[in-house]
1. With respect to ARG189, is the statement that it is touching a strand residue (DSSP E or B) at 6+ places or on another chain (Cβ under 6 Å), under 22 Å from ALA128 (Cα atoms), not in a loop (DSSP other than H, G, I, E, B) and not hydroxyl-bearing (Ser, Thr, Tyr) true?
2. I want to confirm something. Restricting to the stretch 150-191 and keeping residues that are over 21 Å from ASN280 (Cβ atoms) and of a type in the set (S, T, N, Q), which single residue is nearest to the chain's Cα centre (by Cα)?
3. Being without any contact (Cβ under 8 Å) to a residue 40 or more places away in the chain and touching a Phe, Trp or Tyr at 6+ places or on another chain (Cβ under 8 Å), is that true of even one residue in the stretch 5-24?
4. Working only within the stretch 103-143, note down all residues that are out of contact with any Phe, Trp or Tyr (no Cβ under 6 Å at 6 or more places or on another chain), assigned to a loop (DSSP other than H, G, I, E, B) and either among the β-branched types (Val, Ile, Thr) or closer than 24 Å to LEU236 by Cα (or both).
5. Name the single residue, out of those in the stretch 1-18 being farther than 15 Å from VAL40 by Cα and assigned to a loop (DSSP other than H, G, I, E, B), that is nearest to the chain's Cα centre (by Cα).
6. Do you know which of the residues in the stretch 133-191 that are acidic (Asp, Glu) and surrounded by fewer than 24 Cβ atoms within 10 Å (Cβ to Cβ) is modelled with the lowest pLDDT?
7. Working carefully through the options LEU231, LEU214, LEU200, find the one that is among the hydrophobic types (A, V, I, L, M, F, W, C) and in a loop (DSSP other than H, G, I, E, B).
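The values are calculated or read from the model by the stated rules, or taken from the named source; none is laboratory data. For clarity, every value in this text was computed on a predicted model and none was experimentally measured. So basically every Cβ, Gly included, is an ideal-geometry build from the backbone, and we count neighbours across all protein chains shown.
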Amino acid sequence: MAKKTIIITEPEFGAAVAMSCAFLDRDIDVLMVSAAAGHVDIETATSQIHALIELLDPDRLPRIGTALPSMSEAKSCPRGGQSGLECASLKPCTLHHPHPSDKFITEEIRQHPGEITVVVMGALTSLARAFDRDAELPRLIKNIIIVGGTQLVSGHASPCAECHIYFDPIAARKVLHSGVPITMFPLDRTRNMNFAPAELDQYLSRPHPACETLKRMLLPSVHAQAQSTGLESLFLEDIFGVVGLVDNSCFKAKPMTVDVEIHGDLTRGMTVIDDRPCRNPPNVDWVLDVDYDKVKQYIKRILGESKNGQSS
């Protein structure tokens with residue numbers, strides 16, 4: 001049976017790759033996508049997610065929820081160049097009656113108690129606000145997969161904070177303390193795999209609008225990455241959330257006690273791991289090792305599958 005899933009994401013190229021895999025994977029049933037603000041504002045995030053999903057053309061259109069205001073003081077990360085979405089023929093999508101993500105999340109989880117995995121590839125605002133809306137919601141979620149946090153490597157939002165946690169640390173802390181089983185893929189692991197443009201282009205061989213859209217976005221995204229980091233390659237961090245959903249054999253995790261710093265001028269969004277003997281019980285399965293070959297094989301299998309079901 002396909003895994004029922006809610007995706008929370010920013011409109012980024014890496015998220016577009018991850019969503020494409022989720023839509024095309026027969027083992028995943030994407031019930032809803034929640035837009036998340038961060039690198040772009042609420043209106044832009046919502047509009048781009050709507051437009052992107054239309055271009056990716058899933059067989060069954062998921063419910064789409066608007067991005068929500070941060071529970072923390074609003075801050076954002078600078079980004080060099082374009083994300084690639086600007087060059088993918090995205091047409092602005094403005095809704096007359098927007099649908100709040102927290103309402104949709106609550107409805108979907110209530111409709112499928114104990115069955116839904118929430119994959120978070122952006123700020124955790126909408127999920128935390130859903131918990132505020134319905135206090136019983138955490139016990140009805142199967143589990144949460146978060147692509148975010150960092151321990152031993154520098155963050156991209158600040159020297160000690162990864163951007164998804166940095167954007168709304170209050171929401172992140174609320175989710176981490178919710179009691180839901182959580183797996184976190186930190187920057188320590190996700191930044192160890194990158195793709196040369198030619199390599200990724202070869203993966204996008206499936207005759208489907210999603211792959212055609214990703215091809216249009218590829219070179220602009222590489223250019224944006226080069227402007228930001230000086231590297232002419234792509235880090236597809238968000239794909240770990242989808243691969244972690246369908247293949248537990250691709251990673252190893254350790255139960256950890258994890259919290260988030262919410263106020264520090266220098267440490268806002270820092271994920272703090274407590275290893276003391278007197279620590280609180282573990283609340284997160286923190287990923288310590290990833291089989292990157294398996295991750296790449298997954299992307300190639302899903303995005304490179306031909307019409308007859310054979311890999312290209």
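1. no
2. Among those that are over 21 Å from ASN280 (Cβ atoms) and of a type in the set (S, T, N, Q), it is THR190.
3. Checked against the condition, which is being without any contact (Cβ under 8 Å) to a residue 40 or more places away in the chain and touching a Phe, Trp or Tyr at 6+ places or on another chain (Cβ under 8 Å), the stretch 5-24 yields no hits at all.
4. Those that are out of contact with any Phe, Trp or Tyr (no Cβ under 6 Å at 6 or more places or on another chain), assigned to a loop (DSSP other than H, G, I, E, B) and either among the β-branched types (Val, Ile, Thr) or closer than 24 Å to LEU236 by Cα (or both): ILE116, GLY122, LEU124, ILE141.
5. Looking at residues that are farther than 15 Å from VAL40 by Cα and assigned to a loop (DSSP other than H, G, I, E, B), I get ALA2.
6. The selected residue is ASP188.
7. LEU231
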